[in-house]
Amino acid sequence: MLGKGSRLYSIFGMKCPRCHEGDLFKTSNPYVKTNEMHETCPHCGLRYERETGYFFGAMYVSYMLNIAVFVTFLIAYFLLLDQYISGAVLMGIYIGLTLVLNPIYSRLSRAIWLNFWQGYEPEKRGTR
Ligand SMILES: [Zn+2]
């Protein structure tokens, strides 16, 4: 399921959506130069930012990731934790977690956005 050819491999491995070989980001640590991406895939040459503002759409993906985590928090709270901690503490934990995980959300959302528009084509070369 997470092998080459799977979108999940590209997304969670931060690999090029077309060849699944080249890295998307210049550093593997999301807390260092969070959004600094290679201009093109080092392996197949795919241009990552297809047009100016291309990654604007990744903001919506990031928003959806945040909502998913928030809903998960709410469900966990009402099913498991409501007799142990208050809602205010839960919100504090959620906000703290969101701030800490923001670089990871940012990278994941870009990888998801790229995979939304580009499928696995390992033989193809060039910027498009
Ligand atoms: Zn590539």
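The values are calculated or read from the model by the stated rules, or taken from the named source; none is laboratory data. Just so you know, these numbers come straight off a predicted model, no measurement behind them. Here the Cβ positions follow ideal geometry from the backbone for every residue, glycine too, while neighbour counts run over all protein chains shown.
Per-structure values
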| read-out | value |
| --- | --- |
| Residue in the range 66-83 that is in a loop (DSSP other than H, G, I, E, B), modelled with pLDDT under 90 and in contact with a Pro (Cβ under 8 Å, 6 or more places away or on another chain) present | no |
| Test: L65 is in contact (Cβ under 8 Å) with a residue 12 or more places away in the chain and under 30 Å from M14 (Cβ atoms) | yes |
| In the range 32-60, the residues that are within 16 Å of the ligand (Cβ to nearest atom) and outside any loop (DSSP other than H, G, I, E, B) | M37, T40, R47 |
| Flag if Y84 is more than 22 Å from N102 (Cα to Cα), more than 16 Å from the ligand (Cβ to nearest atom) and either of a type in the set (F, W, Y) or touching a Gly at 6+ places or on another chain (Cβ under 9 Å) (or both) | yes |
| Condition met for L74 (farther than 25 Å from L2 by Cβ, of a type outside the set (V, I, T) and surrounded by 12 or more Cβ atoms within 10 Å (Cβ to Cβ)) | yes |
| Residue match in the range 3-24 (condition: assigned to a loop (DSSP other than H, G, I, E, B) and surrounded by fewer than 13 Cβ atoms within 10 Å (Cβ to Cβ)) | yes |
| Selection within the range 1-22 - near the ligand (Cβ under 8 Å from one of its atoms) and either in contact with a helix residue (DSSP H, G or I) (Cβ under 6 Å, 6 or more places away or on another chain) or within 19 Å of W113 (Cβ to Cβ) (or both) | K15, C16, P17, R18, C19, H20, G22 |
| Odd one out for R110, checked against (1) within 27 Å of S6 (Cα to Cα); (2) not in a helix (DSSP H, G or I) | (2) |
| Test for A76: is it closer than 19 Å to M14 by Cα and among the small types (G, A, S) | no |
| Qualifying position, being in contact (Cβ under 8 Å) with a residue 24 or more places away in the chain and either within 29 Å of N35 (Cβ to Cβ) or of a type in the set (V, I, T) (or both), among G96, G126 | G126 |
